[in-house]
2 protein chains.
Amino acid sequence: MQKSTPPFYRQETPILIAVDCVIFGYHEGQLNILLVKRDFEPGLGQWSLMGGFLKSNEALDLAAQRILNQLTGLTNVYLEQLHAYGDLQRDTAARVLSVAYYALINVKNSNEQLTQTQHAEWFPINNIPELIFDHREMCDKAWKRLQRKSLSQPIGFELLPTRFTIPQLQQLYEAIHNETLDKRNFRKNILLSGLITKLEEKNKEGSKKGAFYYLFNTEKYAELTESGTSIQFK
Amino acid sequence: MQKSTPPFYRQETPILIAVDCVIFGYHEGQLNILLVKRDFEPGLGQWSLMGGFLKSNEALDLAAQRILNQLTGLTNVYLEQLHAYGDLQRDTAARVLSVAYYALINVKNSNEQLTQTQHAEWFPINNIPELIFDHREMCDKAWKRLQRKSLSQPIGFELLPTRFTIPQLQQLYEAIHNETLDKRNFRKNILLSGLITKLEEKNKEGSKKGAFYYLFNTEKYAELTESGTSIQFK
DNA sequence: GCAAAAGTGTTGATTGTACACCCATGT
DNA sequence: ACATGGGTGTACAATCAACACTTTTGC
């Protein structure tokens, strides 16, 4: 499959391409990012995003999936390209261009064993340790993107289990936007949109009374996007 | 300055990186894109975006500026990264990852001689010819981005001369969003924001009565962004 | 004097925001 | 019985959207 450089591109210089993943997870009211302690040079022992190099016979998006899978064991995860970072000195060891992605995962589904063997740890988005290279910049950009996208697209649900309660959903949005929301208005909006479906069962973890479980309504969302109706979460 | 690959990266394969520019210009009520007729292989004779290869000693953003400058003679232009395209087969001749940028230029300032010697031509955004590789996808994404960004940031002004009239500005926004706007509401909003300053002189090109010239107010914009006030154009 | 574009305010509808009390249950 | 979080509705404010006539001037 691998193509050799054709005559008309012979003068050009190939460059190393990395892919780095900002992995978001949500635990108990807190929005977190998964970081790894590097066990290789350069930057051995420092915290960094999970990353790897793009292979010559590998599509870029698939490389991001591979890298995410290596750390979490997950497939079929929300994954979106963020930005390409191409400053000359960004990697202290060599010229490496990095394409950053961000992922939203449901923590319960991830493989804890894997993350442990890779020396990975969750950090609250408000309390990220010093990171290697320009990884901090990537995290900041990813958070901003998540904030913006979560207003108009239902990506928040990616961070929750299939069944969730309205208070849980609200807490998630509060964590994403780092602000408190009015529970009456929040409930009103989300229910009015028709995008969540009530179940009979209650979740009793959060309170004595218990809160009803809901499901995200994929069909309704497809219907709304097709009809071009714009949606306002939060 | 050029670094050799250090021992810990030796197993990795470098890849060719291209930079492609979606160049927007606005002429007489029409939003256009600047395309070049390729005079080299692959795709000789086909329309494509202006592009080039990233050099090993060149920062990514500067490569985009260089490529834009090669075609237009312009520097200090609004230029923003769009997306990295990394499918395996996107370039028919070799494995090339491309980072797309989009630029907003004031057509009057560009160097017509240069664009002519490069076999470049302006095409209305609604009537783009068949393009090489995935360049059409880049154009579509760039237009959507321009539409979104122009609502919350004053990037439309980049496409106009320093002095412009309100009807001109409205026409530009109509072209960007491909819809007609109410002139009373448009004028009201933009004046209320305080972001444009009226001049004494009139532009008589568009009508017998003539329309007053305005300037974009950079200080006011800085003030608003600093105070965190969100702005609604259009 | 008329065609052509510039300029100007008001009203009703919709949307967003603020706010306080009762309910169900486990201890 | 009380502490805890879940659930509910209303009123005011702000924003958005629709709409028609007068002004200026070159021909």
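The residues of segment A:15-64 that are within 9 Å of another protein chain (Cβ to nearest Cβ) and among the hydroxyl-bearing types (Ser, Thr, Tyr) amount to a single one, A:Ser56. Checking every residue in segment B:98-107 against the condition of being under 21 Å from B:Phe40 (Cα atoms), touching a residue at least 60 places away in the same chain (Cβ under 8 Å) and within 9 Å of chain A (Cβ to nearest Cβ) gives at least one match. Within this structure, A:Glu200 fails the test of being more than 25 Å from A:Ser110 (Cβ to Cβ), within 14 Å of chain B (Cβ to nearest Cβ) and within 13 Å of DNA strand C (Cβ to nearest atom).
Taking every residue in segment A:179-195 that is within 20 Å of A:Leu224 (Cβ to Cβ) and pairing it with any residue that is near DNA strand D (Cβ under 6 Å from one of its atoms) and aliphatic (A, V, I, L, M), at least 6 positions away or on another chain, the pairs with Cβ-Cβ distances below 9 Å are A:Phe186/A:Ile166; A:Arg187/A:Ile166; A:Ile190/A:Ile166; A:Leu191/A:Ile166. Residues in segment A:187-218 that are at pLDDT below 95 and acidic (Asp, Glu): 1 in all.
Table: residues versus (1) surrounded by 16 or more Cβ atoms within 10 Å (Cβ to Cβ); (2) assigned by TED's automatic domain parsing to the domain that holds A:Thr75.
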position: A:Trp143; (1), (2): yes, yes
position: A:Gln171; (1), (2): yes, no
position: A:Ala175; (1), (2): yes, no
position: A:Asp182; (1), (2): no, no
position: A:Tyr213; (1), (2): yes, no
position: A:Phe233; (1), (2): yes, no
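Of the residues making up segment B:103-125, those that are of a type in the set (A, V, I, L, M) and part of a helix (DSSP H, G or I) are B:Val107, B:Leu114. Against the list (1) touching a strand residue (DSSP E or B) at 6+ places or on another chain (Cβ under 9 Å); (2) within 24 Å of A:Ser152 (Cβ to Cβ); (3) surrounded by 13 or more Cβ atoms within 10 Å (Cβ to Cβ), the condition B:Phe133 fails is (2).
The set of residues from segment B:18-37 being on the phi < 0 side of the Ramachandran plot and charged (D, E, K, R) comprises B:Asp20, B:Lys37.
The values are calculated or read from the model by the stated rules, or taken from the named source; none is laboratory data. The model shown is predicted, which means the values in this text are computed figures rather than measured ones. Ideal geometry is used to build each Cβ from the backbone, glycine not excepted, and the neighbour counts take in all protein chains shown.
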